[in-house]
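Please read the structure below before turning to the comments.
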Amino acid sequence: MPENAALLARREKLLGKNMSTFYRDPVHLVKGEGVWLWDAAGKRYLDCYNNVPHVGHCHPRVVEAIARQASTLNTHTRYPHEGILDYVERLTATFDDSLDTAILTCTGSEANDVALRMAQAVTGKTGMIATDHTYHGNTTAVSQLSTRMPPVGGFGGHVRHVPAPDGYRPLGGIPGEAFTAAWVTALEEAIASLEASEFGFSALIIDPFFANEGFPDLPDGFLQKAAAIVRRAGGLLICDEVQPGFGRTGSHMWGHQRAGIVPDVVTLGKPMGNGHPIGGVIANSETLNAFRQAFRYFNTFGGNPVSCAAGMAVLDVLEDEGLVENARTAGEYAQAGLRDLAEKHDLIGNVRGSGLFFGCELVLDRQTKEPASEIATRVINEMRERGVLMGKLGIHQNATKIRPPMPFSKTNADLMLSTLDDVLAAL
């Protein structure tokens, strides 16, 4: 569209080159409501992608809470205010008892940066471990964790990467306990390598749902053994809940609860304020106080009254509208529909996920499991053309990423499934 071309040219001039966009033909969005988005031409799209507007685009209760507080007071945490205390008290009540204090930030990237420094403060060491297909943000510290976008100058010697877990193609070639044992061995080797270095081992940081890795199906107890090894080595376990948190998986409020573990530190981001810029770090008081003793930390906007009002409104909506249970029932329904599509389309090699974070892995051959990465790109672009927005991710960039706002319904799932059926048939 000529209008889109002009907008993109202006964007490049003012914001710089290489500003990424979604889709071959980027969508110029002008309005959102619930699970729907509208472009500048008035076309409506079913949003099956965005976890940022967690309780729905422009939810009126969140909008009203932001406006009300912004019209009353907005300042920072060097002035005592009940808003941050009421919010943190309610937020930490959703965690295990050991996770009872918080630092509020503006982004998930910043939260992960703080979490890494917490581990340094507690252990006195700086070595860290992440998977080799993860993403935890874009600060200088956390960019060291991502192999997909290597930092300028290369990785520091204080980082070790372990293989991203893949239940469809398990490490060692054998599923179940053998897969768990192989991954645990890789973790033990990474810890030993750090301990033999000048850096030592401070922390393992993971998304407990392994979202960017392709949200693999994992054997029971997979992360419990990893957590025990980390603790035995004197390190901290950090769980990045930016994607699976706030009930998205349908079974639990937090991804680590679904995995059956209790981390030392939890980081939060995007969905926390339904798009308002708020993030957080949850830890036990000893860990948090060790950080405050070791680092002089203050964030002007972290925990401001408006952000806390947005966060509180999100918790209200989740509870009052039963959205965690909706994630479970709508997600189960949608996954069943994907399995039905797998009976029709050989491109679908695997269906997996939990709650309202699910998808299918596209393969060229079900026997060899050869990834259909290029076809996955075509699929998401064709879905966009037909009015359904979704993404792709995973180790081979061939898994559809379906992660809609939490009010997503079975009716919405039917539209998504019928559209995907048509797209796969056309391919």
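Quick notes on this one:
- For the pair the range 253-288 and the range 1-80, the centres of their Cα atoms are 24 angstrom apart.
- With a simple spin-label model that places each label point 7 Å from the Cα along the Cα-to-Cβ direction, the separation between E370 and S193 comes to 3.1 nm.
- When you filter the trypsin sites (Lys or Arg not before Pro) in the range 135-238 for DSSP loop state and at most 15 other Cβ atoms inside 10 Å of their Cβ, you are left with R148.
- Per DSSP, loop trypsin sites (Lys or Arg not before Pro) in the range 284-353 with at most 16 further Cβ within 10 Å: R296
- Annotation: extensible slack from A6 through T147 equals 47.4 nm (criterion: 0.36 nm per residue apart, minus Cα-Cα distance).
- Between F301 and N74, the contour length at 0.36 nm per residue exceeds the Cα-Cα span by 80.8 nm.
- Counting DSSP beta bridges with both ends in the chain, the antiparallel % (nearest 5): 65
- By the helix-only formula, in which each DSSP H run with n ≥ 4 contributes -39500 (n - 2.57) and the sum is divided by residues, the chain has a 222 nm mean residue ellipticity of -12500 deg cm²/dmol.
- The range 63-109: trypsin sites (Lys or Arg not before Pro) in DSSP coil with no more than 13 other Cβ atoms inside 10 Å: R78
- Just the protein heavy atoms count here, and of the accessible area of the chain at 1.4 Å, carbon and sulfur take up 52 percent.
- D86-R386 pseudo-label distance in nm [points 7 Å out on the Cα-to-Cβ vector]: 4.7
- Spin-label model, E319/A294: points 7 Å from Cα along the beta carbon direction are separated by 3.5 nm.
The values are calculated or read from the model by the stated rules, or taken from the named source; none is laboratory data. Remember, it's a predicted structure, so these values are computed and weren't measured experimentally. As a convention, Cβ positions derive from the backbone with ideal geometry for all residues, glycine included, and neighbour counts pool all protein chains shown. Ligands, DNA and RNA are excluded from the accessible area calculation, which covers all protein heavy atoms including side chains. Shrake-Rupley method; radii C 1.70, N 1.55, O 1.52, S 1.80 Å.
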